[in-house]
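Q: Structure incoming, see below.
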Amino acid sequence: MNDQDRNDSSESEEQDKVIHEYDGIEEYDNRLPRWWLFTLFGSVVFAAVYWSGYHILKSDELPRAAYEQQVAAARAKEAERIKAAGTVTADGLVLLSKDLGTVGKGKDIFATNCVACHRADGGGGIGPNLTDDHWIHGGKPDELYRTVTEGVPAKGMLAWGPVLGPEKVQDVVAYVLTLRNANVQGGKAPQGDIVVP
Ligand code: HEC
């Protein structure tokens with residue numbers, strides 16, 4: 001485009017265009033297309049609304065919290081299914097030990113019935129430490145269930161099955177499973193054999 005051609009173009013168009021020239025390459029300072037600006041400012045506005053919606057107004061759960069809630073709900077449902085099935089299995093007890101509702105009930109049952117001999121944190125006293133990896137009567141979930149249900153009457157551990165009923169025994173065993181290997185401070189010395197869970 002020579003100077004003559006440029007002079008031919010309309011006056012107003014000419015004002016919009018500032019030419020940068022370098023090394024023979026010319027560049028016009030054109031206005032950005034409307035759709036482009038709309039997308040840019042639209043994104044900025046969207047980001048501001050989206051961010052304040054989640055972080056200031058807290059109108060919805062953040063994805064991580066929402067995910068954890070869904071996992072907790074799925075575990076609660078699974079726990080219900082396991083309890084309804086009526087058969088007690090090692091896998092079922094492990095799943096129950098991951099359900100906050102079941103573990104919470106188990107903790108209450110433990111606080112009412114077990115702390116006198118096993119201490120509030122499970123560290124042991126009259127009864128053995130439930131937070132180490134040593135077990136006298138087996139540390140597998142179904143073995144714990146059996147020990148708690150049948151007790152060890154000769155040693156002062158009651159048979160809790162008839163006292164609590166199978167569902168509450170499951171709850172309290174689910175809680176005891178969360179104590180395994182917690183190794184609380186000042187716990188009673190290990191008794192029995194090492195069990196790798
Ligand atoms: C009156 C005291 C006493 C109470 C209350 C008691 N326990 Fe025990 N528990 C014992 C004793 C003692 C033993 C150890 C038995 C042995 O030496 O064979 C034991 C053993 C156990 C074991 C087996 C530990 C192992 O190493 O194999 C588990 C599990 C257990 N108790 C859970 C419970 C739960 C759950 C409760 C409450 C529902 C409870 N106990 C209440 C005294 C008690």
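Q: What whole-number distance in Å separates the alpha-carbon centres of region 150-197 and region 42-117?
A: 24 Å
Q: Looking at this model, which pairs from K83/K107; K77/K155; K98/K155 are more than 27 angstrom apart at the alpha-carbon? Could you put the intermediate results ahead of the total?
A: Working: K83/K107 17 Å; K77/K155 38 Å; K98/K155 31 Å.
Listed pairs above 27 Å: K77/K155; K98/K155.
Q: Could you work out how far helix 100-113 tilts from the main Cα principal axis of the chain, as a 0 to 90 degree angle to the nearest 10?
A: 30 degrees
Q: Dipole size in debye (nearest 20) for region 138-197 around its Cα centre, Lys and Arg Cβ +1, Asp and Glu Cβ -1?
A: Roughly 180 debye for region 138-197.
Q: Carbon and sulfur: what percent of region 74-189's accessible surface (1.4 Å probe)? The partial results should precede the final answer.
A: On the way: 3510 of 6090 Å².
The value for region 74-189 is 58 percent carbon and sulfur by accessible area.
Q: Continuing with the same structure: For region 86-197, what class follows from the C-alpha gyration tensor (a ≥ b ≥ c being the square roots of its eigenvalues): rounded when a/c is under 1.5, otherwise prolate if a/b is larger than b/c, else oblate?
A: Judged from the Cα gyration tensor, region 86-197 comes out rounded (a/c under 1.5).
Q: Given contacts defined as C-alpha pairs under 8 Å and at least six residues apart, what's the relative contact order of region 147-197, whole-number percent?
A: Reported relative contact order: 22 percent.
Q: With only Lys, Arg, Asp and Glu charged, each at its Cβ (+1 for the first two, -1 for the last two), find how big the charge dipole of the chain is about the Cα centre; round to the nearest 20 debye.
A: Working: 20 positive and 29 negative charges, 519 e Å.
Approximately 2500 debye in magnitude.
Q: Can I ask one more? Pull out the extension gain between V196 and T112, defined as 0.36 nm times the separation in residues minus the alpha carbon to alpha carbon distance; nm, one decimal. Before the final figure, lay out the partial values.
A: Values: separation 84, 0.36 × 84 = 30.24 nm, distance 2.87 nm.
Result for the pair: 27.4 nm of gain on full extension.
Q: Still on this structure, please answer the following. Can you work out D for the chain in µm² s⁻¹ from Stokes-Einstein, where Rh is the Kirkwood radius over C-alpha pairs, the temperature is 37 °C and the viscosity is 0.692 mPa s?
A: The diffusion coefficient I find is 147 µm²/s.
Q: Just grab the label-to-label distance for F38 and E78, each label 7 Å out from Cα along the Cβ direction, in nm (one decimal).
A: Rounded to a tenth, the inter-label distance reads 4.9 nm.
Q: If you filter region 89-197 for GluC sites (Glu not before Pro), then keep DSSP loop positions with at most 13 other Cβ within 10 Å, what is left?
A: Taking region 89-197 and a limit of 13 other Cβ atoms within 10 Å, no loop GluC sites (Glu not before Pro) are found.
Q: I've got another one for you. Which whole-Hz couplings ³J(HN,Hα) result when phi for each residue of region 54-67 is put into the Karplus expression 6.51 cos²θ - 1.76 cosθ + 1.60, θ = phi - 60°, listed in order with x for Gly and Pro?
A: 7, 9, 9, 6, 6, 5, 8, 5, 5, x, 5, 5, 4, 5
Q: Please work out the average accessible area per residue across region 50-121, using the 1.4 Å probe convention, and give it in Å². Write out the running numbers ahead of the final one.
A: Values: 4950 Å² over 72 residues.
Per residue, region 50-121 has an accessible area of 69 Å².
Q: Still on this structure, I have one more. Under the definition of Cα pairs under 8 Å and six or more residues apart, what whole-number percent is the relative contact order of the chain?
A: The value is 19 percent.
Q: Assuming R0 = 41 Å, can you tell me the calculated FRET efficiency for the pair I19 and K58, based on Cβ-Cβ distance, to the nearest 0.05?
A: 0.20
The values are calculated or read from the model by the stated rules, or taken from the named source; none is laboratory data. Predicted, not measured: the structure shown is a model, and the values here were computed from it. No Cβ is skipped: glycine too gets one built from the backbone with ideal geometry, and neighbour counts run over all protein chains shown. Each accessible area value is taken on the protein alone, full model and side chains, heavy atoms only, with ligands, DNA and RNA left out. Shrake-Rupley method; radii C 1.70, N 1.55, O 1.52, S 1.80 Å.
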